[in-house]
Amino acid sequence: MTTPPAAPRPRGGAASAGRTRDAYFDNAKYLTIVLVACGHAGEPLTYGSRAATAIYLTVYAFHMPAFALISGYFSRSFDMGPGRLKRLLTGVVVPYIVFEVAYTLFYRWAQDDPGYPISLLDPWYVMWFLVALFVWRITTPLWLSLRHPVPVALAVSALGSLSPDTGGDLALQRVLAFLPFFVLGLTLRPDHFARLRTRRARRIALPVGVGALCAAYVVAPWFNAEWFYHRKSVADLDVPRWAGLLTTPALFALALVLTACFLAWVPGRRTWFTTLGAGTMYGYLLHGFIIKSSRFWGWYDHPWLHTPLGELTVTAAAVVMITLLCTDPVRRVLRCVVEPRMAWAFRHTGK
């Protein structure tokens with residue numbers, strides 16, 4: 001979802017003259033935001049549809065871990081230098097404040113609830129990821145200084161899952177839950193991804209993915225999707241607290257396997273959607289307004305949408321929606337709030 005911290009901003013949807021973007025990662029970012037949009041749009045279709053629930057569970061098992069991992073990979077060079085901090089503030093903090101306020105005002109209007117509070121400590125809907133990205137990135141130097149950062153992050157995540165008090169302010173439950181994937185991304189190198197981009201890896205990934213989908217179909221009637229949301233502690237999911245010491249690494253392993261399968265099938269060549277990978281933050285921040293509108297105004301009340309053809313239509317509409325939101329015209333209009341330069345606010349450092 002994020003671009004490399006030190007990368008110059010491309011214009012017109014193309015790479016700047018002095019640098020070429022990696023088509024593989026732009027493709028991966030676009031396809032992951034498509035999965036996010038399809039997951040959000042398809043959630044109401046899971047009620048009463050075992051097949052839709054199976055697909056939903058499969059997607060939710062890995063799509064946000066994949067986001068976190070890719071974000072970590074592109075955060076490897078974060079060193080708390082003035083330029084990096086400026087990009088963190090303009091690319092994460094400012095959009096968070098703007099859109100958190102915008103979402104709150106949208107809720108007030110849509111629900112006719114003028115008293116609904118504006119709180120920057122309680123991220124609304126999709127905004128939790130920007131809080132997580134800020135916390136992860138600001139702690140990057142610490143993780144890179146450790147000898148074994150991934151096991152440490154996994155231990156922190158497991159301990160965080162034990163306490164019902166971890167959630168609440170700043171969506172800390174989710175911040176800690178997805179932390180190991182970000183930290184893992186920090187440790188990866190191009191050759192790790194190269195191993196996935198082989199025919200052998202793709203041949204292995206296909207049956208594994210199909211197997212995961214079949215397993216999701218089996219457990220769909222009783223499995224609680226909250227395990228993948230990471231909004232609650234294990235105690236809030238009606239299991240003993242100590243279970244978090246087992247479920248956290250188990251869910252990490254599951255997500256990691258499915259993420260690897262997904263990345264194995266991401267095309268490495270330039271495609272029609274490659275340039276859209278640079279605009280995934282726009283799609284992420286904006287699509288929540290449309291998704292929430294569908295809930296507020298009962299768009300899913302039509303019985304036809306809950307038929308197989310209706311489910312396919314909803315999926316196609318979600319793909320079209322998120323694709324349009326990632327396009328260059330949208331980026332040009334909203335760059336002032338999603339990627340503001342804010343030169344007036346910073347001293348010139350020459351970096």
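Taken together, the values in this text are just the output of simple stated rules run on the coordinates, not laboratory data. It should be emphasised that the depicted structure is a prediction, and the values quoted were computed from it without experimental measurement. Heads up, the Cβs are rebuilt from the backbone with ideal geometry, glycines too, and the neighbour counts pull from every protein chain shown.
Taking amide H as placed 1.01 Å from N in the peptide plane, the amide H of Phe78 sits under 5 Å from none that are at least 5 places away or on another chain. Long hydrophobic helices in the chain, taken as whole DSSP H segments with a C-alpha length of 27 Å or more on their own axis and mean Kyte-Doolittle hydropathy at least 1.0: 244-264. Here region 23-345 is treated as a sphere whose radius is the Kirkwood value from Cα pairs; by Stokes-Einstein at 20 °C and 1.002 mPa s it diffuses with a coefficient of 104 µm²/s.
Please report the spacing between the Cα centers of region 123-164 and region 73-92 in Å, no decimals. Cα centroid of region 123-164 versus Cα centroid of region 73-92: 16 Å apart. Reported to the nearest whole Å, the Cα centre-to-centre distance from region 194-244 to region 268-286 is 26. The charge dipole of the chain, taken about its Cα centre with unit charges on the Cβ atoms of Lys, Arg (+1), Asp and Glu (-1) only, comes to about 1780 debye. Rounded to the nearest 0.05, the FRET efficiency derived from the C-beta distance between Asp238 and Asp122 at R0 = 22 Å is 0.35. Cut-off 11 Å, label point 7 angstrom out along Cα-to-Cβ of His192: give me the residues of region 120-149 whose amide nitrogen falls inside. Those under the cut-off are 149.
The stretch between Ala316 and Trp297, if pulled fully straight at 0.36 nm per residue, gains 4.8 nm over its current Cα-Cα span. Between Ile204 and Phe289, the C-beta separation translates, for a Förster distance of 51 Å, into a calculated FRET efficiency of about 0.85.
Placing pseudo-labels 7 Å out from each Cα toward the beta carbon at Ile97 and Ile138 gives an inter-label distance of 1.3 nm. Shown for Tyr103, Tyr125: other C-beta atoms within 10 Å of each C-beta, ranked fewest to most, produce the order Tyr125, Tyr103. Annotation: the residues Trp242, Trp222, sorted from fewest to most other C-beta atoms within 10 Å of their own C-beta, follow the order Trp222, Trp242. Result for the chain in a Gaussian network model with C-alpha springs under 10 Å: among His302, His148, His287, the largest mean-square fluctuation is at His302.
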